[in-house]
Amino acid sequence: MKPSFFLTTLRFFALGAAAPSPLHNSMRSKGGDKNSDNNSGPDLSKYNLTATLPIVYFPPPYTWPNYAPSLTIYLHAPQGWEFSNVSSTVPLMPILDTGSTGLMLDALDLNITNATLAKFEPGYQYLSSSTKLYRGAWIPFRLDFANPTGESANVTAEIPVLVVNETLLCSEYNNRWKSDCPPEKTTKHNLQPRGIQWWGIGFGRESDGQLQGTPDKNALLNIKTINGVDVSTSGNYRVGYSLRKNGVVVGLTEENTQDYTWTKLKKHKGFSKHPFDWRNVSGCVSIDGGSCETSNILVDTGNTRSYLSTTDRLVHLVPSNTSSTAKVLEAGQNVLVRFGSEVGYEGVQYNFTIGNKSTLEPDEVRTKLVKKGREEKINTGVYFYREWESAFDADEGWWGVNLFLDLAISTPHFDTVLLRLCGVNPIGISNCKGQVRYQNTKFRAQAKPNNINISTASSLLTMDTPLVELNQVLHPAEVPSEVPHLDRLPTELVELICSWILAHKKTFSETVSQPRDDKWLWEFTPCSRTLASLSLASKRYRQIAHPYLYSQISIGESDNTWLPRFVSLLCRKPDLGLLIKEIDIQCLPKAFSVEPDSMGPMFNDVASRFSLAPLSSWSPEDCAEKCSPKHRPCDHFKRLLTLLAFLAPNVKRWRMVPPNIFHFEELVQVTEQAFTRSMPSPSNPRALKSLQHLWVPGAQPFPYATDFFALEIALQLLGWLVPSLQKLWLRNASLYHPLPARIKLDNLKEIVIDFGLLTEGGLFSLTRACKVLESFCFCSGGNSPAFPDGWGRAALQQTPPSEFLPEHIVPAFSHLKRTLRILSINRWNGARGGADHNIDLTRENERIYAAWPAWRREGTDSLLGSLKDFRVLETLILDSTCLFHYNIDDNPPPNAPVDHLTKRLPRSLRRLILPGAPPQMVPALHALASSAASGEFPYLRLVQITSNERDVRKRETSWRKYGGPRSLRDEYSTFINIDEWKSLRERFSAARVRLFHINSGNTRCFARELLENAGFVRPESEISSILLS
């Protein structure tokens, strides 16, 4: 990337951030003055116990304050076996909403059953902006606040949490209905909601459908401890909080509320007797210069729109672009909002004009005309916080605001980006006369229609700012010459640029190589080079860009010196390893080139810190494998990758293509030793302690290896199977032996194994290690070249391993019936061959083939068992051989029983996908349609089966040169004919269930589909086109 492109990027962001905004006036008084009058604010002089909770950063458009903020918490449930599956180690990041009160989380994600909810106080909340009624139970939890990195913030709270198990869309809700909604007002009733993480921190909301939203539900008003100090007995803690750009401050002090302007609140009577129960702030609203009508004001972080109720009949309304019924203010109208209604109090006000695209303007102002005498109110929306901070004093009932200026966005008085580029640094507002002090320079904002034009000496930036007059502005010539103009961009703006570069790294994905010393190729991407260039621009930019530059590390095959050099860098500067969040080992060379004299002693010294024995020599001549690409990976090779794992302890995502016949014995051993101790220490290091997502393609050993069990995936990846893991994605990977009992995957929620083989022991040990597993997707690779079927059988050291049977599925997942949502198993691929040689069915391999009728078993006990008890299972994707098979001698084959499906499927099922369902299952499918129509399966919405006439990937085409038994090639490839298909479609349609066709040889609906969507493997269509060409 050329420097000119980088300058253009910075210029683009700077110009975008410097968009003008309208003027607003504020009358300020200093909070915390003991001798001030009643309008000056609370007396906070004797309080000093406080803490700031950092806000989680999300990439645009979900960045605070353009969107509601989020805090990080850990939940601690009450004691009892009912809450044994509620995780206290997985961080939650719920959205903060000042328009409601109380933390709401869904029962499914918390793994809490309806039976458990019935033991606690029933609860509900109604959110008027979304017209949604939430129902569940209030359960007491302890909340541990944390930093976005997951580290404890040493702040705790104790509150009841509304654990939600159903939601209703309810129009025209009335408080008298409480937790009920009349059927004629209910448009949607969801009995299994999920993904609810809504955290109400507002006050005075009981009258708006939240009768139970009392102050005891507000976590920020029920802080228990700060840095181990009990706030209730400390005597120096003021109950309240302040919502700011960089975080949420709990505990108000004179220092952290300096320059706030306060408005006195009124008691909220008639709802609760809680001392912290105060009404919303009052003020007035004026539209287009009209009279300022007294209004109830809600500054709501939960909305990007504004909602206005007014008696002003002169306002101009037009239809909303986002709603067929709502009316919004027409462009050109000015909205003025003034806080405070006390006599003699001038208050604080701000305003915006519809259509001017100012920073304070909401997406739209939905307006409702009310009759004279009715309450007028306005919900400002979240954009208020682009230029303001707020504070709520719950002890005495004060609400304060403060105009802040240290942002990479424009302000009503002046543009901070503009001033920073001119060498001026803001430090705060000095008085309430409209003057602002910037170090030794004063500016006065006046409402005059004048424009100013300030150009830097380098012609970097030229911008016009309307409605602002600056009396004193530093001339560019007065700016210290040693400070580059680009170096004055706000930190937030530079961070936005860096995050944008990473978020759009796919647009910079092409690798660029250039010769260096004619010995090796230096490989980089424009993405990493751009961040590297930025870090070299100045010391300040280096500090900002370094976390982004080192957050994602990619290791390629073309250079065998890159990894040794990088590991040596981490050895010299271990703080850089703490910045690494993602490692992508696309392909490793078979050997590395290490400088034994300079790197060897360094590697040995660092290895000793991780309880690794030093290598006797780092010279290739002394290596048993000679560090040669012609041999297996040597000890030097293994040690480098093991050191990388230890030197990057905070990595969350690891993608790796390991070389064949390669293990991480050292990593496994040291990791096991570390986890046998109760607490980590400098002498007890832990690798991969933060790992959440592991993606390993090609984990299986050499395709024609003769020793199956010595090279299985369990030995290769045991060091990675850590409790923090949340996603495990594997391809071409198998598990023959059971995992050791010490393996605990307490937080693992998703497993994908594509093109692999699992034995009975492997399946049971893998699932038994999980506690909260939500998704399991497996696609068999039983007849791949990695599992010989007779070709080269004489070289085998043992019989090929046998894959688990359908009868093992339900027992293997029975302990996960309260968490498992997706179950996808395709064993047909185990019977699918290539085109290189004929199939040879023998006693040694017949059980590998999933289609082998009845697996030489009598009766139906070898089929899938009942899933009736799996209460949250929503998606079931099974190859039909898991549900039906017949003996070759059966002529004609008998139909499956009518209740074949209905007696196995759970009530919660939404999607049923059965590729290759034979015609013998038609009666069972008709029975399923009838049961869905009668309400036995109320959530079922999609069924996919195979239609003969539409099947373009018949299973018989998968058999090697049609060498299998004819009964399997022909009779088993018969599916549902067109007449039966039409009849089934009508039956399912009557039950409001969609019936779709799926090819019998389809594998995209299994594990591979997830990997394709994630971009980890090429789509089959793309592979087919490559083969055809």
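When you go through (1) modelled with pLDDT of 75 or more; (2) within 30 Å of the chain's Cα centre (by Cα); (3) not in a helix (DSSP H, G or I) one by one for residue 686, which number turns out not to apply?
The failed condition is (1).
Could you list, in sequence order, all residues of the range 132-181 that are crowded, with 20+ Cβ neighbours inside 10 Å, small (Gly, Ala, Ser) and either out of contact with any Phe, Trp or Tyr (no Cβ under 9 Å at 6 or more places or on another chain) or over 19 Å from residue 74 (Cβ atoms) (or both)?
136, 137 - these are the residues of the range 132-181 that are crowded, with 20+ Cβ neighbours inside 10 Å, small (Gly, Ala, Ser) and either out of contact with any Phe, Trp or Tyr (no Cβ under 9 Å at 6 or more places or on another chain) or over 19 Å from residue 74 (Cβ atoms) (or both).
Considering only the range 331-351, how many residues are assigned to a strand (DSSP E or B) and either at pLDDT below 90 or within 15 Å of residue 281 (Cβ to Cβ) (or both)?
Of the residues in that region, 7 qualify.
Of all the helices (runs of 4 or more DSSP H) wholly in the range 916-1029, which have at least 2 residues that are over 30 Å from residue 731 (Cβ atoms), at pLDDT 90 or above and touching a helix residue (DSSP H, G or I) at 6+ places or on another chain (Cβ under 7 Å)?
Correct list: 922-934, 978-990.
Filter the range 270-282 for residues that are crowded, with 22+ Cβ neighbours inside 10 Å and outside any loop (DSSP other than H, G, I, E, B) and give the result.
278
Conditions (1) closer than 29 Å to residue 279 by Cα; (2) charged (D, E, K, R); (3) assigned by TED's automatic domain parsing to the domain that holds residue 224, marked per residue:
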{"residue": "150", "(1), (2), (3)": "no, no, yes"}
{"residue": "154", "(1), (2), (3)": "no, no, yes"}
{"residue": "159", "(1), (2), (3)": "yes, no, yes"}
{"residue": "162", "(1), (2), (3)": "yes, no, yes"}
{"residue": "167", "(1), (2), (3)": "yes, no, yes"}
{"residue": "174", "(1), (2), (3)": "yes, no, yes"}
{"residue": "178", "(1), (2), (3)": "yes, yes, yes"}
{"residue": "186", "(1), (2), (3)": "no, no, yes"}
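Any residue that is modelled with pLDDT of 90 or more and surrounded by 18 or more Cβ atoms within 10 Å (Cβ to Cβ) - is there at least one of those in the range 791-800?
Scanning the range 791-800, I find no residue that is modelled with pLDDT of 90 or more and surrounded by 18 or more Cβ atoms within 10 Å (Cβ to Cβ), so the answer is no.
Is it the case that the range 831-847 has a residue that's at pLDDT 65 or above and surrounded by fewer than 22 Cβ atoms within 10 Å (Cβ to Cβ)?
no
Could you list all residues from the range 875-903 that are surrounded by fewer than 20 Cβ atoms within 10 Å (Cβ to Cβ), modelled with pLDDT of 90 or more and either within 23 Å of residue 808 (Cβ to Cβ) or not assigned by TED's automatic domain parsing to the domain that holds residue 774 (or both)?
Listed by number, the residues that qualify are 875, 897, 899, 902, 903.
Name, by its number, the condition in (1) surrounded by fewer than 16 Cβ atoms within 10 Å (Cβ to Cβ); (2) under 17 Å from residue 378 (Cα atoms); (3) of a type in the set (Val, Ile, Thr); (4) under 39 Å from the mean Cα position of the chain (by Cα) that does not hold for residue 348.
Answer for residue 348: the failing condition is (1).
Looking at 770, 777 in this structure, which one is in contact with a helix residue (DSSP H, G or I) (Cβ under 6 Å, 6 or more places away or on another chain), surrounded by 21 or more Cβ atoms within 10 Å (Cβ to Cβ) and at pLDDT 80 or above?
Testing whether each residue is in contact with a helix residue (DSSP H, G or I) (Cβ under 6 Å, 6 or more places away or on another chain), surrounded by 21 or more Cβ atoms within 10 Å (Cβ to Cβ) and at pLDDT 80 or above leaves just 777.
Just for the range 225-269: of the residues that are of a type in the set (Lys, Arg) and crowded, with 17+ Cβ neighbours inside 10 Å, which one is nearest to residue 400 (Cα to Cα)?
Among those that are of a type in the set (Lys, Arg) and crowded, with 17+ Cβ neighbours inside 10 Å, it is 264.
Any residue that is more than 22 Å from the chain's Cα centre (by Cα), modelled with pLDDT of 75 or more and buried (at least 19 other Cβ atoms within 10 Å of the Cβ) - is there at least one of those in the range 705-721?
no
What pairs come out if I take residues in the range 632-654 that are free of Cβ contacts under 8 Å to residues at least 60 places away in the same chain and pair them with residues that are part of a helix (DSSP H, G or I) and of a type in the set (Lys, Arg) whose C-beta lies under 9 Å away, six or more apart or interchain?
From the range 632-654, the pairs are 646/609.
Need pairs with beta-carbon distance below 9 Å; first residue in a loop (DSSP other than H, G, I, E, B) and within the range 589-617, second at pLDDT 90 or above and loosely packed, with under 15 Cβ neighbours inside 10 Å; sequence gap 6+ or separate chains.
These pairs meet every condition: 614/601; 614/605.
Of everything in the range 311-330, what is of a type in the set (Ser, Thr, Tyr) and either over 20 Å from residue 375 (Cα atoms) or not in a loop (DSSP other than H, G, I, E, B) (or both)? Give them in sequence order.
320, 322, 323, 324, 325
The values are calculated or read from the model by the stated rules, or taken from the named source; none is laboratory data. Computed from a prediction, not measured in an experiment: that's the story for all the values here. A quick note on method: Cβ atoms are made from the backbone with ideal geometry, for glycine too, and the neighbour counts reach across all protein chains shown.
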